[in-house]
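Student: Structure below; questions to follow.
The values are calculated or read from the model by the stated rules, or taken from the named source; none is laboratory data. Keep in mind the model is a prediction, meaning the values are calculated, not measured. All Cβ positions, even for glycine, are placed from backbone atoms using ideal geometry, and neighbour counts span all protein chains on display.
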Amino acid sequence: MLEIKNLHVELEEEGKQILKGVDLTVESGQVHAIMGPNGSGKSTLSYVLSGRDGYTVTDGEATLAGEDLLEMEPEERAAAGLFLAFQYPVEIPGVGNMTFLRTAVNAQRKLRGEEELSSGDFLRLIRAKAKTLKIDADMLKRPVNVGFSGGEKKRNEILQMAMLEPKMCILDETDSGLDVDAMKLVSEGVNALRSEGRSFLVITHYQRLLDHIKPDVVHIMADGRIIKTGGPDLALEVETQGYAHLLNEEA
Ligand code: ADP
Ligand code: MG
Ligand code: MG
């Protein structure tokens, strides 16, 4: 599903190297977690994959289902099935949640050469998804994320994910600052959306999230590289022993 080879990335402005040869393969249907100390390049990796400005890829490649991601515009990446969930979801005053989602869904369909959903079909779809995810119909009418609680923002993000039906979902520290209930909510949403044709990359500081979202593979990132890969046990090891011994091993 996602294949990253020898990815090297610099900050465009300063020419500072952030990613120093990242290799990562996520198979279809798998959930991978990335953990690692602050500043190791986890967010940079997700930004570069989604096509955010300000970064220069100096070497390596990244493909989504065989398509060259790095050649695509951000909206093409999204239409190809990439979804990035932010640490801090953006509020969009004046734009209703429903309108926002319908615009996003149809923009992606258009880019894929598919017919746009009629308002009737869209309504049926969003009601069905909201019901499955136990999302209140009231939330669909409110402006995007405005005045939403932390938990509601996360719930809304899961709804966006459900509506856009991405192949590859990246969650960048989407659990930070959440209380236990909200974290559970995110996990349940992700678990409900797990399927054979959909993969997840979950970036997190906390083993706690991985108790609920059971990853197939856990990677540790440090100083712009993946320094260790293992099973769920690796996350437990980090929780009890921290990163220091892994960094020493690497050195
Ligand atoms: P992580 O998500 O693992 O905490 P980041 O990808 O946010 O790491 O950051 C990696 C390194 O790149 C850090 O040293 C950070 O300060 C630097 N960095 C990332 N983006 C920028 C930017 N736009 N301007 C300056 N430094 C940046
Ligand atoms: Mg950070
Ligand atoms: Mg980060």
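Student: Pull out all pairs, ordered by first then second residue, where Cβ-Cβ is under 8 Å, the residues are six or more apart or on different chains, the first lies in segment 170-198 and is touching a residue at least 60 places away in the same chain (Cβ under 8 Å) and surrounded by 22 or more Cβ atoms within 10 Å (Cβ to Cβ), and the second is of a type in the set (D, E, K, R) and outside any helix (DSSP H, G or I).
Tutor: Close Cβ pairs (under 8 Å, with a partner that is of a type in the set (D, E, K, R) and outside any helix (DSSP H, G or I)) do not exist here.
Student: So how many residues does segment 226-251 have that are in a helix (DSSP H, G or I), small (G, A, S) and exposed (fewer than 11 other Cβ atoms within 10 Å of the Cβ)?
Tutor: Here the count works out to 1.
Student: Looking only at segment 80-111, which residues are within 16 Å of ligand 3 (Cβ to nearest atom) and among the polar types (S, T, N, Q)?
Tutor: Hit for segment 80-111 is Q87, nothing else.
Student: If you check every pair at least six apart or on different chains, which have Cβ atoms under 6 Å apart with a residue in segment 35-63 that is without any contact (Cβ under 8 Å) to a residue 60 or more places away in the chain first and a residue that is among the acidic types (D, E) and part of a strand (DSSP E or B) second?
Tutor: Close Cβ pairs satisfying both conditions: T56/E10; T58/E10.
Student: Which condition does A182 not pass, out of (1) at pLDDT below 90; (2) out of contact with any Gly (no Cβ under 6 Å at 6 or more places or on another chain), if it passes all the others?
Tutor: (2)
Student: Scanning segment 27-68 for residues that are of a type in the set (G, A, S) and within 14 Å of ligand 3 (Cβ to nearest atom), which turns out farthest from S176 (Cα to Cα)?
Tutor: Within segment 27-68, the match that is farthest from S176 (Cα to Cα) is S50.
Student: Specify which of the listed residues (E14, E67) is within 16 Å of ligand 1 (Cβ to nearest atom) and not β-branched (V, I, T).
Tutor: The unique qualifying residue is E14.
Student: If you don't mind, there's one more thing I want to ask. Could you check how many residues of segment 25-53 are outside any helix (DSSP H, G or I) and within 16 Å of ligand 2 (Cβ to nearest atom)?
Tutor: Summing the residues that are outside any helix (DSSP H, G or I) and within 16 Å of ligand 2 (Cβ to nearest atom) in segment 25-53 gives 10.
Student: Another question about this same structure. Return the residues of segment 54-96 that are on the phi > 0 side of the Ramachandran plot, part of a strand (DSSP E or B) and surrounded by fewer than 16 Cβ atoms within 10 Å (Cβ to Cβ); say none if nothing qualifies.
Tutor: G94
Student: Among the residues of segment 117-126 satisfying the criterion of being of a type outside the set (V, I, T) and surrounded by 13 or more Cβ atoms within 10 Å (Cβ to Cβ), which is farthest from A80 (Cα to Cα)?
Tutor: Here the answer is L123.
Student: List every residue pair whose Cβ atoms lie under 6 Å apart, where the two residues are 6 or more positions apart in sequence or sit on different chains, the first residue falls within segment 135-160 and is surrounded by 18 or more Cβ atoms within 10 Å (Cβ to Cβ), and the second residue, located anywhere, is among the basic types (K, R).
Tutor: Correct list of pairs: I135/R155; N145/K153.
Student: Something else now. Among the residues of segment 179-225, which ones are β-branched (V, I, T) and assigned to a helix (DSSP H, G or I)?
Tutor: Residues satisfying the conditions are V180, V186, V190.
Student: Kindly list the number of the only condition in (1) within 9 Å of ligand 1 (Cβ to nearest atom); (2) closer than 22 Å to A235 by Cα; (3) touching an Asp or Glu at 6+ places or on another chain (Cβ under 6 Å) that fails for I34.
Tutor: For I34, the exception is condition (3).
Student: Follow-up. Answer yes if at least one residue in segment 102-115 is within 21 Å of the chain's Cα centre (by Cα), part of a helix (DSSP H, G or I), buried (at least 16 other Cβ atoms within 10 Å of the Cβ) and of a type in the set (G, A, S), and no otherwise.
Tutor: no
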